[in-house]
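Before I ask anything, let me first share the structure, which is written out below as structure tokens.
We did not get these values from a lab; they are worked out from the coordinates using the rules stated. Everything numeric here is computed off the predicted structure, so don't read it as measured data. Reconstructed Cβ throughout: ideal geometry from the backbone, glycine too, with neighbour counts over all protein chains shown.
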Amino acid sequence: MRKMHSFGCPESKLYYLPNVIDLARFKRKNQRGNGVPMIVGVGRMGPEKRFDFFLEVIFQWRQKRRAPVRACLVGDGPLRKELEERAGRLGLLDGSVHFYGSVKDIVPIYREADLLMLTSDREGTPNVIMEAMACGLPVVATAVGDVPELVSHETSGFVFPVDDLAGFLGAVEKLMNNQPLRESMGCHGHSFIQGNHELGLLSTFLAHLYARALS
């Protein structure tokens, strides 16, 4: 809507129809496992997703904090081989980072993970964030597209400008070292999806749209 409004389209002619998530499928996991928390990144391995920055965050966390880390990247695309080679050069293929490739069902991975990190330099309304929040994961993400409308900074996650390495590292440190904070942010995110993007709301959204059009 912001983009259409910037093009000169009157707000009175616009209606926002939110994306929706089936909460019956993306169920929230009540308890995370003990041990080293797992960071997940999901998406097509193209330049816009900036998985090179994802790897840099993981590398810097391990180097500067001298702490173990577990991360996985889910997806495939033209940059996968290059990213795997980069991870190898950074010494991250020792069990720190796993490349899952494309998977038929992402839900088990969300339910194993402890936080989602999205590092894109451009987005629309990323379903991956809504799916992760529905599963009770806190989110650390770039402030692109509709991400700031989905993730409430310091409530359901953290949102930073593109390439803000210090911001990402600080947020990862807070979440990795604080299970109650992860659970609290995950709970807020789940509640937001339930109240604003749950599949059962679609009929209400559509009824409002039709009523507005007919009027």
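For H153 and V107 in the same chain, what is the full-extension length gain: residue separation times 0.36 nm, less their Cα-Cα distance, in nm?
Values: separation 46, 0.36 × 46 = 16.56 nm, distance 2.43 nm.
Length gained, H153 through V107: 14.1 nm.
Near K81, which aspartates and glutamates are there with a Cα under 17 Å away, not counting those fewer than 8 places off in the same chain?
K81 reaches E48, D52, E56, D94.
May I ask for the distance between the Cα centers of region 25-93 and region 164-190, given as a whole number of Å?
Taking the Cα centre of region 164-190 as reference, the centre of region 25-93 is 15 Å away.
Can you list residues from other chains, or at least 5 along the same chain, whose modelled amide H is less than 5 Å from the amide H of G157?
Amide H neighbours of G157, under 5 Å, 5+ apart: V139, S152.
Could I ask something else about it? With mean projected area of the Cα convex hull in nm² in mind, check [x] 11.8; [y] 13.7; [z] 12.7 and report the label derived from this structure.
[z]
Is any helix in the chain, taking whole DSSP H runs, at least 15 angstrom long along its axis by alpha carbon and on average at least 0.0 on the Kyte-Doolittle scale, and which ones? Display every interim value, and only then the final one.
Numbers: long enough: 51-65 (21 Å, -0.27); 165-176 (16 Å, 1.31); 179-196 (25 Å, -0.77); 202-214 (18 Å, 0.99).
Going by DSSP H runs, the hits are 165-176, 202-214.
Under 10 Å, Cα contacts only: if you run a Gaussian network model on the chain, which one of V69, V40, V159 comes out with the highest mean-square fluctuation?
Most flexible of the set in this elastic network: V69.
Just tell me which aspartates and glutamates come within less than 15 Å, Cα to Cα, of K104; anything on the same chain fewer than 8 places away is out.
Within the straight-line limit of under 15 Å, K104 reaches these aspartates and glutamates: D76, E131.
For each of V103, V139, count neighbouring Cβ atoms within 10 Å of the residue's Cβ, then give the residues from fewest to most. Intermediate values should be presented prior to the final figure.
Details: V103 13, V139 27.
Fewest-to-most ranking of V103, V139: V103, V139.
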